[in-house]
Amino acid sequence: MRTVIESQRNILDYALSGLMRRRGKTFSLILLYALVVFVLASIMFFTHAMRRESELLLSGAPELVVQRMIAGRHDPIPLEYGRGIATIRGVSRVQPRLWGYYYDSDIRANYTVQTTTDDSITRGTLAIGAGLARMRSLKKGDELSIWGYDGQPRTFQVATIFTVESDLLTTDLVLTHEADFRELFHFPMERATDLSVTVRNPREIPTVAARIAELYPDTRPITRQDILRTYAAVFDWRGGILIVMVSMALLAFVIFAWDRASGLSANEQREIGILKSIGWKTEEVLILKLWEGAIISLTAFLLGLIGGYIHVFLLSAPLFARVIKGWATLYPSFRLTPFIDYYQVAVLFVLSVFPYLLATVVPSWQAAIVDPDNAMRGSE
Amino acid sequence: MARPSTLYLSLLLLLGLLLLTLHAHSRCNLANDTRRLAQVARLATRFSLTDLALCTEARYSRHLSQADRHAAFQDHPGALEHFPSGSLLPPPDR
């Protein structure tokens, strides 16, 4: 056993000395290889963590939201629809939701303005997201002016600022009292933006949704499952789009690595010939090449994976933030929870390490089985 | 002078240990973060929030789950998408 380990270490020593002789090529290859693994690992970590995080955060979303549609577009829903929906068997509560958007031209940001029946918000006060407070340099007790429908500003006092931990849900949120919202936007009294419906037995939600659509054909019920599915699809799609964007660079690397690994140079062919002529067996030459491939691919994989983890979970994926942010000025400052799918890591390992090993070993095997004299002369 | 294999295996060991530390970091944070997320999820229930505030540039990217089915093109029929995040949204599946 000791002899086997010692002989393997000798081959490893030789492989490392060979790689160090062409250190420029070796290090540039490892760097490029690690960069590709880093990008793929970052996409994988980011999309998976975002999907899990959205699942957990939106598990508290309303069970059923009912919108009214006019000519295919969302329109305020009459409150009498809510009274009708409340009579459906299985419905325990119907809560009108009042919400909309406000564009703040000073900081060029969109706010989401929503009402709450919560006691903490009284008339003339607001609760705002941490992102908004940051952008407007607002503290608890400060005043915020919002322009109303009539072009006149209304001043509100900031009663609450949401914590940074909730930024992913509340960064642009402005919570107001219902009366203030209706007055500010001249919102009709007998209407709401949509209705939030609570169903006694969660298994009956699809049945209740179907019944609502039957009773009010001009409505669109959106279940919590629909909301969760939307986000799962978004992060799959975003991950896919990012992979498409990097696929050109990936393809270029694959061609480079394949060319580098599969095409043996005249020097390498001569080296194999010399090794064979001094008594190395074919399998020992193959093990040598396998070690060379493993050193490069394993080092690059580990560096790329570690880099991807640090980028996504410790630095909050600054490279992807711009993609998601678009032209928005208000962007949540969030730290992603390190949800890791180990199956994906295993797939990344197999896809990044094994093809390179294969590309290294096959041409070496072809060179190792020819006559040493021919190999040294560089001809078959 | 140490053998090259000793140096390389030490490097591998170091990277492996770093990976294990990151794994421990993820395990340690998971319990705390899951608790924190559950607390934030309660905010969603309390204030009836339906969407993540990830893309605040357009109404259909701010409230993805509440947007019209032809959300990205809702300004007028045949309107071209002009918000960067809109081009990254999937086509509606329902």
* Asked: Would it be correct to say that residue A:3 is more than 30 Å from residue A:205 (Cβ to Cβ), more than 10 Å from chain B (Cβ to nearest Cβ) and among the hydroxyl-bearing types (Ser, Thr, Tyr)?
  -> yes
* Every pair of residues 6+ apart whose Cβ atoms lie under 7 Å, when the first sits in segment A:158-171 and is more than 9 Å from chain B (Cβ to nearest Cβ) while the second is in a helix (DSSP H, G or I) and of a type outside the set (Phe, Trp, Tyr) -> A:161/A:130; A:161/A:133; A:164/A:130
* Structure fact -> Scanning segment A:196-219 residue by residue, those more than 18 Å from residue A:72 (Cα to Cα) and open to solvent by less than 50 Å² (accessible area, probe 1.4 Å) turn out to be A:196, A:197, A:198, A:199, A:205, A:208, A:209
* Have a look at A:143, A:165 and point out the one that is crowded, with 16+ Cβ neighbours inside 10 Å and charged (D, E, K, R). => A:165
* Based on what the data block shows, is residue A:112 open to solvent by 10 Å² or more (accessible area, probe 1.4 Å) and either within 30 Å of residue A:212 (Cα to Cα) or within 14 Å of chain B (Cβ to nearest Cβ) (or both)? -> no
* Structure fact -> Only one of A:204, A:214, A:178, A:190 is without any contact (Cβ under 8 Å) to a residue 40 or more places away in the chain and of a type in the set (D, E, K, R), namely A:214
* Select from segment B:1-27 the residues that are of a type in the set (Val, Ile, Thr) and either modelled with pLDDT under 90 or open to solvent by less than 60 Å² (accessible area, probe 1.4 Å) (or both) and list them in ascending order. => B:6
* **Single residue of A:130, A:159 found to be under 23 Å from residue B:38 (Cβ atoms), surrounded by 14 or more Cβ atoms within 10 Å (Cβ to Cβ) and not aromatic (Phe, Trp, Tyr)** => A:130
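Looking only at segment A:349-358, how many residues end up being within 14 Å of another protein chain (Cβ to nearest Cβ) and open to solvent by 50 Å² or more (accessible area, probe 1.4 Å)?
1
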* To do: Any residue in segment A:1-24 that's touching a residue at least 12 places away in the same chain (Cβ under 8 Å): show its pairings with residues that are open to solvent by 50 Å² or more (accessible area, probe 1.4 Å) and among the charged types (D, E, K, R) at Cβ separation under 8 Å, as long as the two are six or more apart or on different chains.
  => A:11/A:284
* To do: Determine whether residue A:56 is out of contact with any Asp or Glu (no Cβ under 8 Å at 6 or more places or on another chain), under 30 Å from residue B:5 (Cβ atoms) and modelled with pLDDT of 90 or more.
  => no
* Structure fact -> Scanning segment A:315-336 residue by residue, the ones that are more than 8 Å from chain B (Cβ to nearest Cβ), touching a helix residue (DSSP H, G or I) at 6+ places or on another chain (Cβ under 9 Å) and among the aliphatic types (A, V, I, L, M) total 3
* Asked: Which one is farthest from the other protein chains (Cβ to nearest Cβ), of the residues in segment A:44-99 that are among the basic types (Lys, Arg) and open to solvent by 30 Å² or more (accessible area, probe 1.4 Å)?
  -> A:89
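Is there a residue being within 14 Å of chain B (Cβ to nearest Cβ), open to solvent by less than 30 Å² (accessible area, probe 1.4 Å), polar (S, T, N, Q) and within 30 Å of residue B:51 (Cβ to Cβ) anywhere in segment A:337-348?
There is at least one residue in segment A:337-348 that is within 14 Å of chain B (Cβ to nearest Cβ), open to solvent by less than 30 Å² (accessible area, probe 1.4 Å), polar (S, T, N, Q) and within 30 Å of residue B:51 (Cβ to Cβ).
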* Single residue of segment B:28-38 satisfying the filter (closer than 30 Å to residue A:112 by Cα and exposed (fewer than 13 other Cβ atoms within 10 Å of the Cβ)) that is farthest from the other protein chains (Cβ to nearest Cβ) -> B:35
* **Residue match in segment B:36-51 (condition: touching a residue at least 12 places away in the same chain (Cβ under 8 Å) and under 16 Å from the mean Cα position of the chain (by Cα))** => yes
* To do: Answer with yes or no whether residue A:288 is surrounded by 15 or more Cβ atoms within 10 Å (Cβ to Cβ), within 20 Å of the chain's Cα centre (by Cα), assigned to a helix (DSSP H, G or I) and modelled with pLDDT of 85 or more.
  => no
* **residue A:107 vs. criteria at negative phi, in a loop (DSSP other than H, G, I, E, B), surrounded by fewer than 20 Cβ atoms within 10 Å (Cβ to Cβ) and more than 14 Å from every other protein chain (Cβ to nearest Cβ)** => no
* Structure fact -> Considering segment B:64-76, residues that are modelled with pLDDT of 80 or more and open to solvent by 10 Å² or more (accessible area, probe 1.4 Å), and then whichever is nearest to the other protein chains (Cβ to nearest Cβ), we arrive at B:64
* To do: Looking at (1) open to solvent by 40 Å² or more (accessible area, probe 1.4 Å); (2) touching a Leu at 6+ places or on another chain (Cβ under 6 Å), find the lone condition where residue A:334 falls short.
  => (1)
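The values are calculated or read from the model by the stated rules, or taken from the named source; none is laboratory data. Not measured: the values here are computed from a predicted model. Backbone-built Cβ (ideal geometry, glycine too); neighbour counts: all protein chains shown. Accessible surface is based on the protein model in full, side chains and every heavy atom, while ligands, DNA and RNA are left aside. Shrake-Rupley method; radii C 1.70, N 1.55, O 1.52, S 1.80 Å.
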